[in-house]
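The values are calculated or read from the model by the stated rules, or taken from the named source; none is laboratory data. Bear in mind the structure is a predicted one, so any value in this text is a computation, not a measurement. We place every Cβ from the backbone using ideal geometry, glycine too, and count neighbours over all the protein chains shown.
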Amino acid sequence: MLYLRPGTREHFLAELSRDWPEHLEGYERLYDGRAYLTEAQVKPVRTLVARLRAEAGPPRERPQPLRPAPEPEQLALALD
């Protein structure tokens, strides 16, 4: 599901026509001058994602929390 506002729309459709021309007509039909898909088009995708998320269960916790890297040690400059 994309947000094809002016500027983005032209760029996306140009790239699509270059790389996957067989999909261009379908996207033009889906978006038909709109920036968003209709609610009827979006609802089945949201329903599927919600079902898959429920089946997958809660997110797993990381075994160890991420920590920032330690500060590098500043070496002394030795001049004789």
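Please list, ordered by first then second residue, the pairs with beta carbon atoms under 6 Å, 6 or more apart or interchain, first in segment 37-50 and loosely packed, with under 11 Cβ neighbours inside 10 Å, second among the basic types (Lys, Arg) and not in a helix (DSSP H, G or I).
Pairs found: none.
Could you give every pair whose Cβ atoms fall below 9 Å, whose first residue belongs to segment 11-32 and is closer than 17 Å to MET1 by Cα, and whose second residue is of a type in the set (Gly, Ala, Ser) and part of a helix (DSSP H, G or I), counting only separations of at least 6 or pairs across chains?
HIS23/SER17; LEU24/SER17
Taking only segment 7-34 into account, find how many residues are modelled with pLDDT of 95 or more and not in a helix (DSSP H, G or I).
1
Looking at segment 37-69, which of its residues are under 25 Å from GLY26 (Cβ atoms) and assigned to a loop (DSSP other than H, G, I, E, B)?
Across segment 37-69, the qualifying residues are LEU37, THR38.
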